[in-house]
Amino acid sequence: MVVLGIESSCDETAAAVVLNGDTILSNVVASQVDIHRRYGGVVPEIASRHHIEAIIPVIEQALGDAGISLGDIEGIAVTRGPGLIGSLLVGLSVAKSIAFARRIPFVGVNHIAGHIGALYLSDTVPPFPFVALVVSGGHTNIYRVEAHDRFILLGQTRDDAAGEAFDKAAKMLDLGYPGGIVIDRIARQGDPTAIHFPRAMKMSLDFSFSGLKTSLLNYIKQLEPPIQPDFIPHIAASFQDAIVDVLVEKTVRAAEESTISRVAISGGVAANSRLRHCLLERARQKGIDVFIPPPILCTDNAAMIAAVGTYFLRQGRSDPFDLNAVSRWALSAGNSRETK
Ligand code: KG4
Ligand code: ZN
């Protein structure tokens, strides 16, 4: 089955063509990062306008890269939520229009389920059940994944998402936006043990990163300005380790408590080199198998949406044309398609 995936939940306009839910024929991502950089974060209204400009060329490129035409598409999978409502509506409207014009089915996909769906496109796919940490700019959730559409939430952030903490830290250190990738790079030159930042909520599978953020702010305030440039890698490495430490420990603990020996991570922060390294190391000690999509599939893309959507489309499911976008949509047991 040839499925067109469309993703526009935040600041990436993306389209992809996926064959049989596991083979990527094309994967196009148009990032708005350069536009939002000057504001230090995503401006929702500006994001929606840019999605409108980019969506058709991005879809045309995805079809071109796959060497097919619109007539070859058998179904459409589109992100329905959670995300910025104006941005979501652009992708959803285009998906409905194509589905209507071509008389093909379309399904609305949960973005978080999409991040987990990136695993189905990887070289080694984890068998069910597995424990998944979805860690991005908007989410830090641990699930027990029992099937393509069955998720049990084991832990979640009580405040900021891990990616948000990376982005805010980079802002405080004047490293630019988005922060995760910059901190990842700079931290390679730093000593992660240079400064001890707090690890919150040790006993729970829930996360909290706001105390860590305050701790970094207080640390920066007590330094004699300006911060010595050669000390910044040490701050970045220590801050990164405080996040990576809790992500790794809780993911491994969730697997142990569920007696599941398979863990997976996905979402933008799963592109972090230190997180990938530490999780592999820790899991190896515990005899747990680790599954991580390549970085390009960890950050927002439409191939992951097509992978999940194919599962629904194959069951003959098709959403109605009055389907609406939803800014909040929790993944729940037994159903990833209903709004909560
Ligand atoms: O999944 P994603 O592309 O979008 C959301 O659904 O939020 O994740 C974006 C987040 C941003 O906060 C970004 O700073 C973070 O992922 N990120 C990283 C890295 N690459 C992206 N964080 C840490 N290390 C990275 N290498
Ligand atoms: Zn995402």
Helix 303-314 vs. the chain, principal-axis angle (Cα, 0 to 90°, nearest 10): 40 degrees
Angle between the chain longest axis and helix 44-66 axis [Cα atoms, degrees, rounded to 10]: 60 degrees
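Rounded to the nearest 20 Debye, what is the dipole magnitude of region 185-238 about its Cα centre when Lys and Arg each give +1 and Asp and Glu each give -1 at the C-beta?
160 debye
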Choice from N27, N218, N301 showing the highest fluctuation, given a GNM over the chain with Cα pairs closer than 10 Å: N218
Where only alpha carbons of region 127-292 are counted, the Rg and the Dmax (Å): 15.9, 53
Additional length obtainable on full extension of the chain from F321 to E281, 0.36 nm per residue less Cα span: 9.7 nm
The chain, relative contact order [Cα under 8 Å, separation at least 6], %: 26 percent
Convex hull volume of the chain per residue (C-alpha atoms, cubic angstrom): 125 Å³
Cα-only Debye scattering, region 116-218: base-10 log of I(q)/I(0) at q = 0.11, 0.15, 0.22 Å⁻¹: -0.43, -0.75, -1.17
Dipole magnitude (debye, nearest 20) for region 127-292, charges at Cβ of Lys, Arg, Asp, Glu: 220 debye
Separation in nanometres of the label points that stand 7 Å from Cα toward Cβ, at K221 and M172: 1.0 nm
Least to most buried among Y39, Y143, Y177, Y219 (fewest other Cβ within 10 Å first): Y39, Y219, Y177, Y143
Extension reserve of the I35-L153 stretch, reckoned as 0.36 nm per residue once the Cα distance is removed: 39.0 nm
5 angstrom amide H check on V107, placed H, neighbours 5+ away: I76, A77, V78, D319
Highest-fluctuation residue, G138, G155, G67 considered, GNM on the chain with Cα pairs under 10 Å: G67
Point-to-point label distance, D65-T259, nm (Cα→Cβ direction, 7 Å offset): 4.4 nm
Crossing angle, helix 162-172 versus the chain [Cα axis fit, 0-90 degrees, rounded to tens]: 60 degrees
Theoretical FRET efficiency, 1/(1+(r/R0)^6), r = Cβ-Cβ of S204 and I296, R0 30 Å, to 0.05: 0.40
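Any read-out appearing in this document is the output of simple, stated calculations on the displayed coordinates, not a laboratory observation. Fair warning: this is a prediction, and the values are worked out from it, not measured in the lab. As a convention, Cβ positions derive from the backbone with ideal geometry for all residues, glycine included, and neighbour counts pool all protein chains shown.
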